[in-house]
Amino acid sequence: MGKALISIDYTCDFVATDGKLTAGLAAQAISEQIAQVTQEAYAQGDYVFFTIDLHDETDTFHPESKLFPPHNLKGSKGRSLFGPLADFYESKRLDNRVLWIDKRHYSAFSGTDLDIRLRERRIDTVVLTGVLSDICVLHTAIDAYNLGYQIEVVSTAIASITEEAHHFAINHMKNVLGATIID
């Protein structure tokens, strides 16, 4: 069995200073670390999945449209990967161990074929990185737990809008989901 790194929503809208739903400096501070962890996973032979929000500005029925400002809109710069992670993806995007999955919900598993793709590749452990710790990363971890995956979370490669929310998410993933927290 193997591992896959799941990079969640590390895009301009969630990270850049002018992003539509940004974690700002906290997310920018992990830029080098998230790229390094991703490169190391790839170098070890692990699969790398980029699971990225995709929203349509005209979809007023989507629950997030009532909770958050429009973000990661189809065709927008906001959906672009941020910082050195963008360079990694661009250099490896044609590699069959690097995959991009559009998602519409918080969890990378909800409404996507991520579970099928992981099982096809005999993955039993997921390594989570990205933003926001307390929303998309946490919901992905919950679904991974419910689907029977071992979970590792790189605490230095996730961030949220507030420190309180970030720490809550890490504690929840560790103490409730049994995730291994890697510093």
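From the list Arg104, Arg121, the one residue that fits, being modelled with pLDDT under 95 and surrounded by fewer than 22 Cβ atoms within 10 Å (Cβ to Cβ), is Arg104.
How do the pairs read when you match residues in segment 19-32 that are at positive phi with residues anywhere that are assigned to a loop (DSSP other than H, G, I, E, B) and open to solvent by 50 Å² or more (accessible area, probe 1.4 Å), using Cβ under 9 Å and keeping only pairs 6 or more apart or on different chains? If the second residue must be assigned to a loop (DSSP other than H, G, I, E, B) and open to solvent by 50 Å² or more (accessible area, probe 1.4 Å), the pairs left are Gly24/Thr17; Gly24/Ile161.
Mind checking which residues of segment 155-172 are outside any loop (DSSP other than H, G, I, E, B) and touching a residue at least 40 places away in the same chain (Cβ under 8 Å)?
Initial filter on segment 155-172 (outside any loop (DSSP other than H, G, I, E, B)): 155-159, 163-172.
Across segment 155-172, the qualifying residues are Thr156, Ala157, Ile158, Ala159, Glu163, His166.
The set of residues from segment 130-154 being within 23 Å of Gly83 (Cβ to Cβ) and assigned to a strand (DSSP E or B) comprises Gly130, Val131, Glu152, Val153, Val154. Being open to solvent by 10 Å² or more (accessible area, probe 1.4 Å) and either under 17 Å from Asp18 (Cα atoms) or among the β-branched types (Val, Ile, Thr) (or both) is a condition met by at least one residue of segment 32-45. Scan Gly148, Gly130, Gly111 and give me the residue that is under 18 Å from Thr180 (Cα atoms), of a type in the set (Gly, Ala, Ser) and surrounded by fewer than 15 Cβ atoms within 10 Å (Cβ to Cβ). Just one listed residue meets the conditions, Gly148. Listed by first and then second residue, the pairs with beta-carbon distance under 6 Å, at least 6 apart or on different chains, first residue in segment 64-89 and open to solvent by less than 40 Å² (accessible area, probe 1.4 Å), second at pLDDT below 85, are Leu73/Glu57.
Of all residues in segment 151-179, those that are surrounded by fewer than 20 Cβ atoms within 10 Å (Cβ to Cβ), within 15 Å of Asp9 (Cβ to Cβ) and of a type in the set (Gly, Ala, Ser) total 1.
Residues in segment 62-104 that are in contact with a Cys (Cβ under 6 Å, 6 or more places away or on another chain) and part of a loop (DSSP other than H, G, I, E, B): Ser80, Phe82.
In segment 46-61, which residues are part of a loop (DSSP other than H, G, I, E, B) and open to solvent by 50 Å² or more (accessible area, probe 1.4 Å)?
Taking segment 46-61 and keeping what is part of a loop (DSSP other than H, G, I, E, B), we get 46, 54, 56-61.
Asp56, Glu57, Thr58, Thr60, Phe61 - these are the residues of segment 46-61 that are part of a loop (DSSP other than H, G, I, E, B) and open to solvent by 50 Å² or more (accessible area, probe 1.4 Å).
The values are calculated or read from the model by the stated rules, or taken from the named source; none is laboratory data. Bear in mind that the values here come from a model prediction, so they are computed numbers and not experimental data. Glycine gets a Cβ as well: all are built from the backbone with ideal geometry, and neighbour counts include every protein chain shown. Just so you know, the surface numbers come from the protein's heavy atoms only, side chains and all, with ligands and any DNA or RNA stripped out. Shrake-Rupley method; radii C 1.70, N 1.55, O 1.52, S 1.80 Å.
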